[in-house]
Amino acid sequence: MIMNIGAVRQSRGLLGYIFTTSMRSTNAMQSNKKFSTTTSTSTTSSTSKDNELIKKSVFISQSYDIFTNLAIEDWIYRNYDLKNHHILMLWVNNPCVVIGRHQNPFSEANVFGLKSAGIELARRNSGGGTVYHDRNNLNCTFFTPRDRYDRKYNLNLISRAIYREYGIDTEISERDDILLHGKKVSGTAAKLGHPNAYHHCTLLVDCNKNNLKSALTRNEKEEIISKATASVRSPIKNLADVNKNVNVQQLLTAIGYEFLRTPADKLCDGGRELVMQQRGFQLINPTEKWFPGLNELRENLNSWEWKYGKTPKFTVSTTIELKTNDECHNSMKVCVDVEKGIIQKIDLILKGSSEVMPIVSSLIGQPYDENNFEKIVNALKSVSTENVKSVYENGL
């Protein structure tokens with residue numbers, strides 16, 4: 001059900017590359033770096049017999065579409081029995097910005113700029129902060145039962161793979177970021193349910209930093225007040241900044257192989273013998289035929305209601321300079337309340353006044369975006385202090 005035979009035949013070279021590279025990696029750099037070999041905190045009560053029953057698979061998505069890949073992630077989470085089958089999904093996307101489940105896209109990204117550049121905006125099911133993806137990022141999703149969820153195990157596994165393949169020494173922060181020379185190369189997020197859970201992260205391999213900065217820099221002229229989860233912005237670094245040989249395909253292979261050679265209950269090297277006991281690498285063809293219900297999941301993730309309608313209630317405001325008849329200048333604050341992505345109320349507050357003047361406008365009840373906010377601001381810029389009362393009584 002997981003693998004499309006046609007896709008495998010067409011990608012035989014890729015599978016061959018994965019296998020031969022993985023076997024070569026067995027005798028790769030002998031690490032002097034010390035990794036934890038203690039039992040995973042989530043499995044201390046498990047018996048060795050239980051752990052021997054657990055098999056691992058590495059799924060490689062053949063899609064570069066963010067909504068399809070998020071849908072596959074959700075499909076596996078909902079449908080798989082993971083008790084004795086742990087899965088690592090590796091996936092790459094076309095340029096996009098992905099916000100956390102409880103975030104405000106207008107606080108986190110340049111939404112108008114994304115639309116102009118043809119860059120997709122997506123909201124994922126997990127919490128956490130906003131990330132930028134392109135073809136030079138690698139995304140990793142670890143699927144386990146809830147009682148075996150252990151993000152430290154996963155992050156250490158990635159760190160081991162990077163060191164084994166490239167000799168790059170990364171560290172894991174208290175916030176569960178992967179750091180390189182003190183700068184962030186990977187963040188982390190998770191969805192914990194019953195009976196399943198997943199932990200995922202994005203690795204900066206050779207990401208276009210200029211595009212990342214542009215995509216995640218919003219217009220600071222507007223103030224947004226919201227209880228939405230805010231991203232913690234950090235300095236970033238690509239793995240390729242310190243080793244030009246790092247590339248997505250090779251890193252994908254290295255992490256996949258590290259996953260297969262590591263026992264489910266502890267961070268130690270099981271080598272080729274353990275790898276041969278696993279289910280191995282599998283290309284997955286993300287179609288309705290192989291994942292019944294996938295199209296509906298994708299449509300929901302790409303809907304306005306999910307991407308924008310799920311935004312926690314917020315207020316956006318800005319100050320407008322007004323010109324009076326006596327050539328003096330005054331200012332007015334415009335506040336727009338937004339709930340479920342829809343403009344609910346527009347208020348004006350004159351400088352030095354505590355009076356709130358609600359405004360009647362045809363934009364109330366319309367979806368909020370930067371264009372509609374700009375329409376409100378531009379309409380008010382032509383209003384003088386003496387005409388504010390008229391606007392209040394007659395509307396925009």
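The values are calculated or read from the model by the stated rules, or taken from the named source; none is laboratory data. Quick caveat: nothing in here was measured; it's all calculated off a predicted structure. Note that we place each Cβ from the backbone using ideal geometry, even for glycine, and neighbour counts take in every protein chain shown. These accessible areas exclude ligands, DNA and RNA; they are computed on the full protein's heavy atoms, side chains included. Shrake-Rupley method; radii C 1.70, N 1.55, O 1.52, S 1.80 Å.
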Among the residues that make up segment 214-237, is at least one of them at pLDDT 95 or above, open to solvent by less than 70 Å² (accessible area, probe 1.4 Å) and more than 23 Å from the chain's Cα centre (by Cα)? no
Residue check for residue 252: of a type in the set (A, V, I, L, M, F, W, C), open to solvent by 20 Å² or more (accessible area, probe 1.4 Å) and either more than 23 Å from residue 102 (Cβ to Cβ) or touching a residue at least 40 places away in the same chain (Cβ under 8 Å) (or both): no
Determine the pairs where a residue that is touching a residue at least 24 places away in the same chain (Cβ under 8 Å), located within segment 275-290, has a partner that is open to solvent by 30 Å² or more (accessible area, probe 1.4 Å) and charged (D, E, K, R) with Cβ atoms under 6 Å apart, the partner being 6 or more residues away or on another chain. 278/55; 279/55
Do you know which of the residues in segment 266-280 that are part of a loop (DSSP other than H, G, I, E, B) and of a type outside the set (Gly, Ala, Ser) is nearest to residue 89 (Cα to Cα)? 279
State all residues of segment 160-188 that are of a type in the set (Gly, Ala, Ser) and surrounded by fewer than 20 Cβ atoms within 10 Å (Cβ to Cβ); if no residue qualifies, say none. 167, 173, 182
Residues located in segment 225-265, provided they are part of a helix (DSSP H, G or I) and among the hydrophobic types (A, V, I, L, M, F, W, C): 239, 240, 248, 251, 252, 254, 255, 259, 260
Quickly run through segment 185-222 and pick out the residues that are assigned to a loop (DSSP other than H, G, I, E, B), in contact with a helix residue (DSSP H, G or I) (Cβ under 8 Å, 6 or more places away or on another chain), among the charged types (D, E, K, R) and more than 22 Å from residue 237 (Cα to Cα). 222
Is it the case that segment 111-122 has a residue that's in contact with a helix residue (DSSP H, G or I) (Cβ under 9 Å, 6 or more places away or on another chain) and within 25 Å of residue 82 (Cα to Cα)? no
Hey, among 382, 353, 331, 390, which residue is over 30 Å from residue 124 (Cα atoms), modelled with pLDDT under 85, touching a Leu at 6+ places or on another chain (Cβ under 7 Å) and surrounded by fewer than 16 Cβ atoms within 10 Å (Cβ to Cβ)? 331
Only unsatisfied item for residue 169, checking (1) outside any strand (DSSP E or B); (2) over 20 Å from residue 207 (Cα atoms), is (2)
Enumerate the pairs (first residue in segment 296-323 and within 15 Å of residue 367 (Cβ to Cβ); second residue anywhere and assigned to a loop (DSSP other than H, G, I, E, B)) with beta-carbon separation below 6 Å, excluding pairs fewer than 6 apart on the same chain, so at least 6 apart or on different chains. 308/341; 309/340; 309/341; 311/104; 311/341; 314/104; 316/222
When you look at residue 259, is it among the aromatic types (Phe, Trp, Tyr), touching a strand residue (DSSP E or B) at 6+ places or on another chain (Cβ under 8 Å) and open to solvent by less than 30 Å² (accessible area, probe 1.4 Å), yes or no? yes
Kindly list the number of the only condition in (1) touching a helix residue (DSSP H, G or I) at 6+ places or on another chain (Cβ under 7 Å); (2) basic (Lys, Arg); (3) in a strand (DSSP E or B) that fails for residue 298. (3)
